[in-house]
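I have placed the structure first, in the form of structure tokens, so that the comments after it can refer back to it.
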Amino acid sequence: MKIVVIGDIVVPCELLTEAAESLGKPGQNTVVPIVWPAETRQEFQKKAQNIEKNGPTAEKVPEEVYREIADADILLTHFCPVPGDLIAQGKKLRLIGTCRGGMEHVDVAAATKYNIPVIHCIRNAEATSDFAIGLMFAEARNIARAHAALKQGEWRKEYVNNGYTTSMCEITLGVVGLGHIGKLVAKKAAGVGMKVIAYDPYVTQESLDEMGLPVRLAEQEELFRTADIVTLHLRLTPETKNSVDGKLIGLMKPTAYLINTSRAGVLDKDAFVKALQNRTIGGAALDVYWEEPIPKDDPLLALDNLTMTPHNAGNVVDALPKSPLLLARTIKAFWETGKSDMVVNLRNIKL
């Protein structure tokens, strides 16, 4: 097989090449490494943010990729964009893999058109699920606010939610999106005694029961009406953009919290800010934002019922270096079974 790998300053070609070489017998594959250029991590982050906002055509793809894709069997990348015109040139291409969870850099619709499965790996799933649980505790129990007050010399005992603060084991958690991270959050929340309900139109109660996951599926409106905490674990797509809107937020209890560690775009910002300003929900916690870094005049910064962290949920030291081999293992499992939860576009495809 010919495998084109596109590394960058964050996930270098060496790691992707090692992963590519593991896909088959030693010496069987021809691996072509190409670098998506960025001289500094700051430059890389700027390009990445542009792609996350504007899609796979927002940044330039090295010309070498267009030349090498013509007879490639597999394309593996980290964050280099994979636009539709590149996919169209891959006449032999039978799989696209990316070692990250977000898919903003890949034209998934174009890959589907050409019957090419796109497979990803959630390199920081454990870290993100841990962080989501942490944000629930921080917001519901005012941990971050108490810390900030003490740093300012204030022994603070009064908070917006004093009238309804309770033990976490008394809480019903609503998980919106039961992908890999959503399932981990559900499992961990159940472990601390929360009652867990979830909404995901692509998951069945039977499959959850078979996994032994103590989760009851609910309709979306029921979830927002019932849950004491709603946590979002959605991929950002045209269908999910602003899907958590004023109508759904308006169903939430005035004592309920909203947590988002997925993508800011799934949440209607105006409706969200209004609900917090008017205290129609109890509070919220965010790790993702509509503009990063957050502008100094953003209304989010004035809210006393919002816990905020600077997109840190997945930041653990081992996630990035391990991600290419995790992707390779995911691909091999897909080849063995013909299906995978990590394939984002095609299900049960004949290989």
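The values are calculated or read from the model by the stated rules, or taken from the named source; none is laboratory data. Bear in mind the structure is a predicted one, so any value in this text is a computation, not a measurement. Note that we place each Cβ from the backbone using ideal geometry, even for glycine, and neighbour counts take in every protein chain shown. These area figures cover heavy atoms from the full protein model, side chains too; ligands, DNA and RNA do not enter into them. Shrake-Rupley method; radii C 1.70, N 1.55, O 1.52, S 1.80 Å.
Descriptive notes on the structure:
- Under the combined filter of DSSP loop state and at most 10 neighbouring Cβ atoms within 10 Å, segment 89-196 retains these GluC sites (Glu not before Pro): Glu154, Glu158.
- From helices alone, the chain scores -10500 deg cm²/dmol at 222 nm; the rule is -39500 (n - 2.57) for each run of n ≥ 4 DSSP H residues, then divide by the residue total.
- For the pair Leu346 and Trp155 in one chain, pulling the backbone fully straight at 0.36 nm per residue adds 63.2 nm over the alpha carbon distance.
- Number of Lys pairs (Cα under 19 Å; 8 or more positions apart or on different chains) in segment 230-345: 9
- Whichever aspartates and glutamates have a C-alpha closer than 18 Å to that of Lys60, once near sequence neighbours (fewer than 8 apart) are set aside: Asp8, Glu39, Glu43, Glu52, Glu68, Asp85, Glu104, Asp107
- Loop-resident sites, segment 284-333, for trypsin sites (Lys or Arg not before Pro), counting at most 10 other Cβ within 10 Å (DSSP): Lys296
- Counted charge near Ala70, where neighbours are those whose Cβ lies closer than 11 Å (Asp, Glu -1; Lys, Arg +1): +2
- What the chain shows is 48 Å² of accessible area per residue, with the surface traced by a 1.4 Å probe over protein heavy atoms.
- Residues Asp298 and Trp335, FRET efficiency given R0 of 41 Å [Cβ-Cβ distance, rounded to 0.05]: 0.35
- Loop-located GluC sites (Glu not before Pro) in segment 187-225 (DSSP state not H, G, I, E or B) with no more than 12 neighbouring Cβ atoms inside 10 Å: Glu219.
- Put a dot 7 Å past the Cα of Gln42, heading toward its Cβ, do the same for Thr280, and the two dots end up 4.2 nm apart.
- Using the average count of surrounding beta-carbon atoms within 10 Å as a protection proxy, the listed peptides 226-233, 40-47, 299-306 rank, highest first, as 226-233, 299-306, 40-47.
- Remark: C-alpha extents of segment 242-348 on the principal axes read 53, 31, 21 Å, sorted largest to smallest.
- Segment 130-265: proportion of alpha-carbon pairs further apart than 17 angstrom, %: 60 percent
- Counting only protein heavy atoms and using a 1.4 Å probe, the accessible area of Tyr159 comes to about 40 Å².
- With all protein chains modelled, accessible area of Trp335 [1.4 Å, Å²]: 70 Å²
- Radius of gyration (Cα atoms) of the chain, expressed as a multiple of 2.2 N^0.38 Å: 1.05.
- Cα Rg, Dmax (largest Cα-Cα span) when computed across segment 14-74, Å: 14.3, 40
- Estimated D of segment 44-164 in µm² per second, where Rh is the Kirkwood radius over Cα pairs and Stokes-Einstein applies at 4 °C, 1.567 mPa s: 74 µm²/s
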